[in-house]
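What follows is a set of notes on a single structure, which appears directly below.
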Amino acid sequence: MWFFPHGCKGGCNTANEELFKTLSDAVVSCKKDDVIAAVEKAKGKAPAVELIDNGLAAGMNEVGVLFERGKLFLPHVMMAADAMSAGVEMLQDELGSSGGASSKLGVIVNGTVEGDVHDIGKAIVSTMLQAAGFEVHDIGRDVPVQNFIDKIKETNADMVGLSALMTTTLQGQKEVIELLKENGLRDKVKVMVGGAPATDAWAKKCGADCYAENASEAVAKAKELLL
Amino acid sequence: MATEYFLRMGDGQKIFMTKEDILADIAAGCADAADLGDIPTLSEDEMDHMLDIITAPGRIVGVEPGMEVPVTHDIGAIRIDGDQGNSGVGIPASRLVGSMIHERAFGADTMELGHIDYSFKPVKPVISQEQQTMEVCQQNMVIPMLYGAMPNMGLYYTPDGPFENPGDLMKAFKISEAQESIQKAGDHGIRDMVWIMQKLQKVGSDGVNFDTIGAAGDGDMYASLNAIEALRKEFPGMYINAGMAGELVLGMHGDLEYDGTRLAGLWPHEQVLLAEKAGANTFGPVCNTNTSKTSAWNMGRSVTFTKAAVEASSIPCHADMGMGVGGIPMLETPPIDAVTRASKAIVEIAGVDGI
């Protein structure tokens, strides 16, 4: 997955707008073949960075909106992400020659804290973050505090996502934050908390950088903090 | 300076707002529900009534005489014995005593027996104990006593169950494998839920409460609706409540259907029609509380969704109200001011038949 953070680069004339819309629609269709065909057709007609930014990435944003509104579902998000990756791959050569920069959005370690076996919400957040262009290391549920630290060091993570679905395990989020401090990692690693009992107020209290209400918000907050 | 009224954020924090700001938040919450569900928003009169409820001077409010509705308690049997770790009060008491206290002291109109794990799957190895407890409860109590548990399909996936975790498969882009796993878990869940309730019906259970249907997405709802259908067929007089987990059925699989209707993406007014078709007697609409919004916004949203479900339904709707749902703040013990206000609104404006 790739990320291009800027808006309509180079301006959008009518011909380009149509081109971008075709690419965007192909991603929203969640069909890899459609995306490949659209990229094939668009190649060389506008800079690769623009094709990705204003076409493919715009389509992926639309997929995110449709997911939030209950119109597209998790398999569709993954299919769209896979299709977009294929499209970006096809533009790699041109990206190099046009000087376009492409990179992962950031590295995120995601897990449910120790004592809490809930997995599904956290898995959806991991999937959405991955689909949005982050490198996600989902280390599962009921994760011992030290394992978060080890994985953060191993992957050189920029952010850690801490999930808890029970009031009794919420404290585990704070324990991870404390251990981050002890290991001298807190200034380097952003912390996002989530899960049913977590709130904005709790995020402030436990020393996290942000709280996300749902998977879509998790993506938005991660972008806010890391970009 | 305009008078400000006390209300709360969705996380329970106390805040003060003017009437104009509260009304604007009610309207915004209603509009959000109307937009997402493609349903009517509340009328101006209904929003004004909600404003009156929120700004009422008393710490607690109640419905007008004649508007009372039946109330029941999920897992109330262990509410007395359980400690704060599971929303209880930590007074040693058996499940029978807990249920009888709810019947005779707290005025519960119906009750349910629930296992400490409160999911169907873990009941299987202790079914004999559940049967015995149900039988003793039935011998000692008058009000309808159901068995309650969560379908909780999450327990059927690795590492807790036999089927590969669709979350892991999905992240590896193994989409069809993930969908297959969800379908298999659903089919397994149907067998378990039906088997457990067959056993409990034998010892006199009055019925079943499927609690938090859809918590694991559309596979969870697929299993629950098919289990309801099978139970209705086998036990025509059995009482079945279909209570939801949230306002939207998450599409983990995306293509699962019940009776030709895709389950993913259904809102409460659409969910109720399928619950009814499957054979449920009552439906429990749910709207999750957004902790970053005010109780005015959350109540507006919750009542709008619930009202649409009540209007679409021909079976009674018993709204799920409590910690983090129905416009009530997300707190272990939700504050009584917020609980009573949300409850009054859901009865008087949404028109639910029970809570």
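The values are calculated or read from the model by the stated rules, or taken from the named source; none is laboratory data. Not measured: the values here are computed from a predicted model. Positions of Cβ are generated from backbone atoms using ideal geometry, with glycine treated the same way; all protein chains shown enter the neighbour counts. Heads up: the accessible areas ignore ligands, DNA and RNA and are worked out on the full protein's heavy atoms, side chains in. Shrake-Rupley method; radii C 1.70, N 1.55, O 1.52, S 1.80 Å.
Here are the numbers:
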| item | result |
| --- | --- |
| Exposure of B:F173 as accessible area (Å², to 10), given a probe of 1.4 Å and all protein chains | 80 Å² |
| Length added when fully stretched, B:D187-B:R232, from 0.36 nm per residue minus Cα-Cα | 14.5 nm |
| Overall Cα dimensions of segment B:181-287 - principal axes, largest extent first, Å | 37, 28, 21 |
| Label-reachable residues, segment A:24-43, where backbone N falls under 15 Å from a point 7 Å from B:S176's Cα toward its Cβ | A:32-33 |
| Selected from A:A208, A:A37, A:A164 as most flexible by GNM, with chain A as the system and alpha-carbon contacts under 10 Å | A:A37 |
| Stokes-Einstein D (µm²/s) once Rh is taken as the Kirkwood radius of segment B:262-355 over alpha-carbon pairs, at 37 °C in 0.692 mPa s | 250 µm²/s |
| Amide hydrogen neighbours beyond the local backbone of B:G327, cut-off 5 Å, H modeled | B:T289 |
| Listed peptides A:61-70, B:178-187 by packing density, highest first (mean Cβ within 10 Å) | B:178-187, A:61-70 |
| Beta bridge orientation in chain B: antiparallel %, DSSP, nearest 5 | 30 percent |
| Å² of accessible area per residue within chain B, as computed with a 1.4 Å probe and no ligands counted | 39 Å² |
| Which of B:A309, B:I80, B:L23, positive extreme of dipole for chain B (C-beta unit charges) | B:I80 |
| Rg/Rh ratio calculated on Cα atoms of segment B:22-136 (Kirkwood radius) | 1.13 |
| Burial order of peptide ranges B:148-155, B:30-37, B:220-227 (average beta-carbon count within 10 Å, highest first) | B:220-227, B:148-155, B:30-37 |
| Percent of C-alpha pairs per 10 Å bin, chain A, short to long | 8, 32, 30, 19, 10, 1 |
| Using distinct alpha-carbon pairs, which all enter the 1/r mean, Kirkwood radius of segment A:29-86 in Å | 11.6 Å |
| Between 0 and 90°, nearest 10: helix A:145-155 axis offset from chain A longest Cα axis | 30 degrees |
| B:L113 long-range amide H proximity, modeled H, under 5 Å | B:L146, B:Y147, B:G148 |
| Accessible area (Å², 1.4 Å probe, nearest 10) - B:F6 | 70 Å² |
| Inter-label distance for B:V89 and B:I127, nm, one decimal - labels placed 7 Å from Cα along Cα-to-Cβ | 3.5 nm |
| Length released on extending from B:D109 to B:D259, taking residue separation times 0.36 nm less the Cα-Cα span | 50.7 nm |
| Peptide B:165-174 - average C-beta neighbours from other chains (10 Å radius) | 6 |
| DSSP bridge pairs, chain A: antiparallel proportion in percent, nearest 5 | 5 percent |
| Cβ-Cβ FRET estimate between B:E311 and A:A86, R0 fixed at 45 Å, reported to 0.05 | 0.50 |
| Length-normalised contact order for segment A:110-195 - Cα pairs under 8 Å, 6+ apart - percent | 36 percent |
| Accessible carbon and sulfur surface of chain A relative to its total accessible area, %, 1.4 Å | 50 percent |
| Shielding by partners, peptide B:247-254 (average Cβ within 10 angstrom, other chains) | 5 |
| Sequence of B:V63, A:V143 from largest to smallest accessible area, 1.4 Å probe | B:V63, A:V143 |
| Among B:I228, B:I190, B:I175, residue whose mean-square fluctuation peaks in a GNM of chain B (springs only between Cα atoms under 10 Å) | B:I175 |
| Full-extension gain in nm, A:T168 to A:Q146, via 0.36 nm per residue minus C-alpha separation | 6.0 nm |
| Kirkwood Rh in Å, taken over all unlike Cα pairs in segment B:303-355 | 11.1 Å |
| Label point 7 Å beyond Cα of B:I336 along Cβ direction - residues of segment B:42-75 with amide nitrogen under 17 Å | B:56-63 |
| ³J(HN,Hα) computed for each position of segment B:319-327 - Karplus, 6.51 cos²θ - 1.76 cosθ + 1.60, integer Hz, glycine/proline x | 5, 7, 10, x, 3, x, 9, x, x |
| Other protein chain Cβ atoms within 10 Å, averaged over every residue that makes up B:289-295 | 3 |
| Charge dipole (chain B, unit charges on Cβ, about Cα centre) - positive-most of B:G246, B:P144, B:T291 | B:P144 |
| Highest average packing first - B:89-100, B:344-355, Cβ atoms within 10 Å | B:344-355, B:89-100 |
| 3J(HN,Hα) from dihedral phi, segment A:178-183, Karplus parametrisation 6.51/-1.76/1.60, rounded to Hz, x for glycine, proline | 4, 5, 4, 5, 4, 8 |
| P(r) histogram, all alpha-carbon pairs of chain B included - 20 Å bins from 0, percent | 30, 58, 12, 0 |
| Helix axis angle, A:120-132 relative to chain A longest principal axis, alpha carbon, degrees | 40 degrees |
| Rg/Rg_globular for the protein assembly as shown, with Rg_globular taken as 2.2 N^0.38 Å and Rg from C-alpha atoms | 1.00 |
